[in-house]
Amino acid sequence: MLSTVRAYARGPVLTAPGPRSVEMIRSIGAIRRDPLTFLAASHAAHGPIVQFPVPVPPAYSVADAAVARRVLVENARGYDKQTMQYRGLSVLTGEGLLTADGDVWRAARRTVQPAFHHELVSQMRGAVLAAVDSACDRWLADPAVDIEAEMMRIALEIVGTTLFSADLSAEAADLSAATMRALDAVVSRAQRPWAASMRIPTPANRALRASLAALDAAVDSLITHRLRNPVQHTDMLALLMQAHDVRAGHAVPRPVRDEIVTFIVAGHETVASGLTWAWHLLLSHPEHHLRLREAAVDDVQGQAYARAVFEEALRLYPPAWLITRRSTEPDTLSGHSIPCGALIIISPWVIHRDPRWWPEPEAFNPERFLREDDARRLAYLPFGIGQRMCIGREMALLEGAVALARIAQRMELTPTGPGEVGRIASVTLRPATHITALVRPR
Ligand code: HEM
């Protein structure tokens, strides 16, 4: 505490260019409202490495693909995840795979990795089709659709079937809403340091507690159901229960609870955000929508084009718009000295719009993902890169492609909302306005 006060009294030690303190103070409201515009403007003004004038911790933003690679891949050992972003998330997920570091992370990854084996992922197609088909059947009766709510429901049902062999369709809408509320509460707490103690009954804390209770109840119900129906399973739930010796009559071990919540949270909101943006882009670019509908007549072609649409949506609107790390030793990034304990903010949003890699970066052009090129290999990181890369990447890409293609094959979507939508950069990047459509069978 005293050292923090002293650091503030001394002021920041600047090792890279960036906005001055007065500019930052003047921009606080704008940063909260739209951090992405602020990040992009800071890099446009100061270059690929920007230091913000805060003394504790020294904070740097990175908008250069090669520097991101140094932090996440080449010198990954010199960085960990002890950042405000991940500490905030751990209120929800505990020490699950997403937030853990070191040996705890390594052991957790080893436990669940077999559930993401390539062959198992390719078998998930049936589960995706089942969730999408049941949504399409629902829309026949109720064709005015809120795209984000529906994509959340589909994605959660897929997590339920593929990772836990459980039918979550009855509780999917409530559980998705609880997850969203919890994630928003995590961000709200991070923006208001005085809300740090969970005991203070602020609206954000109350929402967070209620959402935590809903997630814990979902965990208990998954485990109770499995213990009562001891059929041989090879899914992620089985791997976790074996690794931690889960038994009837005993409390659910904390690592099992943390991992299940991690996968519910990380495994559906991100995919749903990607799918929602993909629909927004398709509905506002009829030529690409038409191409998808034509391709979708054939399963293989439809899936190939739909995957390109999904990947392009993840480029323009990366659900994980921030990836943060803490330096655990001094480093040099692009000629700038980085002290130990610094916060490094990597923004896929800014990197994905770098015109050196992406010609006409603002344009929605799925065709760029139909060919292999360097940009895709070197300046595309919606799933992160390196050892902490998303474990669900392959599953998410399959889900995105199969879901978009199937919906386009079966249904005709006509937009009913405004063409322009803003964005909310919360834990994930979401549209600020409801994206709505009228859905009819083709
Ligand atoms: C479009 C969908 C998705 C996006 C954009 C996404 C994005 C990411 C990103 C950027 C990271 C790395 C964070 C970092 O390095 O700090 C990550 C990690 C992770 N993701 Fe995803 N993800 C998606 C889907 C999924 C799915 C479907 C699952 C699970 C079923 C999942 C589970 C995880 C987990 C557990 C980690 C932590 C991995 C580790 O550190 O070992 N994600 N994700």
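This model, with +1 at the C-beta of Lys and Arg and -1 at the C-beta of Asp and Glu, gives the chain a dipole about its Cα centre of some 1440 debye. Available extension along the chain between R393 and A44 is 122.6 nm, counting 0.36 nm per residue and deducting the alpha carbon span.
Ranking S284, I28, L156 by Cα position along the charge dipole of the chain, where only Lys, Arg, Asp and Glu carry charges on their C-beta atoms, puts I28 farthest toward the positive end. All other residues whose Cβ lies under 9 angstrom from that of V71 are scored, Lys and Arg at +1 and Asp and Glu at -1, for a net of +1. Overall, the anisotropy analysis places the chain in the oblate class: the square-rooted eigenvalues a ≥ b ≥ c of its C-alpha gyration tensor yield a/c not less than 1.5, with a/b not exceeding b/c.
With the simple spin-label model, which puts each label point 7 Å out from Cα in the Cβ direction, the L438 to S122 separation comes to 4.2 nm.
Cα centroid distance between segment 34-65 and segment 88-129, in Å? Segment 34-65 and segment 88-129 have Cα centres separated by 31 Å.
Sorting the segments 237-247, 58-68, 429-439 by their mean number of nearby beta carbons within 10 angstrom, highest to lowest, gives 58-68, 429-439, 237-247. Note on the chain: with a GNM built from Cα contacts shorter than 10 Å, the maximum mean-square fluctuation among L381, L292, L227 falls on L227.
Helices in the chain that qualify as membrane-span-like (whole DSSP H runs, Cα extent of at least 20 Å along the helix axis, mean Kyte-Doolittle hydropathy of 0.0 or higher) are 125-141, 147-164, 172-191, 203-228, 254-284, 393-410. Close amide H pairs (under 5 Å, H built 1.01 Å from N) link Y79 with T328, residues at least 5 positions away or on another chain. The calculated FRET efficiency for the pair A213 and V104, based on their C-beta separation and a Förster distance of 22 Å, comes to about 0.30. Secondary-structure-derived ellipticity at 222 nm for the chain, considering helices only, amounts to -17500 deg cm²/dmol, per-run term -39500 (n - 2.57) for DSSP H runs with n ≥ 4.
Take the Cβ atoms of S334 and V297, set R0 to 51 Å, and the FRET efficiency comes out at 0.60. Residue ranges 20-26, 301-307, 283-289 sort as 301-307, 283-289, 20-26 when ordered by packing (mean number of other C-beta atoms within 10 Å per residue, highest first). Count Lys and Arg as plus one, Asp and Glu as minus one, and take only other residues whose Cβ is under 15 Å from that of V427; the net charge is then +4.
A short reminder: the numbers here are calculations on the coordinates, not readings from a lab. If you're wondering where the values come from, they're calculated on a predicted model, not measured in any experiment. Please note: Cβ atoms are built from the backbone with ideal geometry, for glycine as well, and neighbour counts cover all protein chains shown.
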